[in-house]
Amino acid sequence: MNGVASPPSPAPSPWRAATIRAITPVTPRVKSFRFDPLDRPHRAGQHVDVRLTAPDGYQAQRSYSIASAPGDPAGLELMIEGLEAGEVSGFFDTVAEVGDDIELRGPVGTFTWGAQDGGPVLLIGGGSGVVPLLAMVRERALRAPEVPMLLIYSARKAAEAIARAELAARSRDETGFDLTLLLTREGATAGRRIDRVMIDTAIECLGMPRHAFVCGGNGFVGTVADLLVEAGVKPGVVRTERFGG
């Protein structure tokens with residue numbers, strides 16, 4: 001998980017035990033895990049480090065973006081995709097239960113947006129890369145509904161689109177928030193990827209963004225960031241977060 005052209009993060013908080021309070025399916029491969037709030041408030045877009053320790057002392061650690069908006073009374077929410085051979089994600093997918101204590105550290109990261117940052121804000125996510133952007137959408141709804149925001153979300157299939165119903169409802173009901181959902185493996189947009197036409201259309205609808213956030217796999221992020229700059233978005237406006245190798 002990398003931030004690009006970002007100032008260094010402050011030192012993370014110490015590890016602490018956090019109890020799983022609720023587990024809810026989100027998609028066939030993604031589950032929502034709710035924990036008590038962190039010891040210190042987070043900013044939308046940040047992540048936490050998660051550490052598991054086996055009985056023999058072996059440890060595995062991963063970073064997961066926070067899906068919940070800062071101050072969410074329901075607590076901290078992580079959305080974790082079960083991956084084949086994933087040491088940590090596999091535990092959450094098949095072993096973790098409500099009441100389990102998990103070691104967390106954070107919040108961490110400078111890939112962030114808050115109400116005080118204003119807009120317009122353009123968000124572009126691929127797959128599970130939508131999670132930190134979802135936190136920004138939720139933050140806007142709670143604290144800055146006047147800020148124009150548009151999310152382009154690329155997923156393979158409708159069933160795999162994280163928080164699809166919530167995002168569609170927000171786009172329908174919240175003035176100033178718009179959603180473009182691109183399904184790359186089904187429906188009318190099968191085979192299409194985010195392209196310059198889609199970027200230009202988003203900017204025409206939103207206006208030139210004051211902030212642009214891109215999150216997803218390495219190839220996705222690199223391609224989209226280049227398209228944004230080609231469309232006239234200043235490089236310093238584009239913030240990126242990358243998952244995977």
Can you spot a residue in the range 185-207 that is out of contact with any Phe, Trp or Tyr (no Cβ under 6 Å at 6 or more places or on another chain), free of Cβ contacts under 8 Å to residues at least 40 places away in the same chain and closer than 30 Å to residue 22 by Cα?
no
Return a yes/no flag: does the range 173-191 have any residue that is part of a loop (DSSP other than H, G, I, E, B), hydrophobic (A, V, I, L, M, F, W, C) and outside the structural domain of residue 78 (by TED's automatic domain parsing).
yes
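Of the residues 60, 22, only one is closer than 22 Å to residue 99 by Cβ, surrounded by 12 or more Cβ atoms within 10 Å (Cβ to Cβ), among the hydrophobic types (A, V, I, L, M, F, W, C) and more than 21 Å from the chain's Cα centre (by Cα); which?
Among 60, 22, only 60 is closer than 22 Å to residue 99 by Cβ, surrounded by 12 or more Cβ atoms within 10 Å (Cβ to Cβ), among the hydrophobic types (A, V, I, L, M, F, W, C) and more than 21 Å from the chain's Cα centre (by Cα).
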Output the residues belonging to the range 92-127 that are in a helix (DSSP H, G or I) and surrounded by fewer than 21 Cβ atoms within 10 Å (Cβ to Cβ).
93, 94, 115, 116, 117
By my count, strands (runs of 3 or more DSSP E) wholly in the range 36-91 with at least 2 residues that are among the β-branched types (Val, Ile, Thr) are 47-53
If you check every pair at least six apart or on different chains, which have Cβ atoms under 8 Å apart with a residue in the range 113-126 that is on the phi > 0 side of the Ramachandran plot first and a residue that is of a type in the set (Asp, Glu) second?
none
Of the conditions (1) farther than 22 Å from residue 143 by Cα; (2) surrounded by 19 or more Cβ atoms within 10 Å (Cβ to Cβ), residue 214 satisfies every one except a single condition; which number is it?
(1)
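The values are calculated or read from the model by the stated rules, or taken from the named source; none is laboratory data. Predicted model only: the values in this text are computed from it and were never measured. Cβ atoms come from the backbone with ideal geometry, glycine included; neighbour counts cover every protein chain shown.
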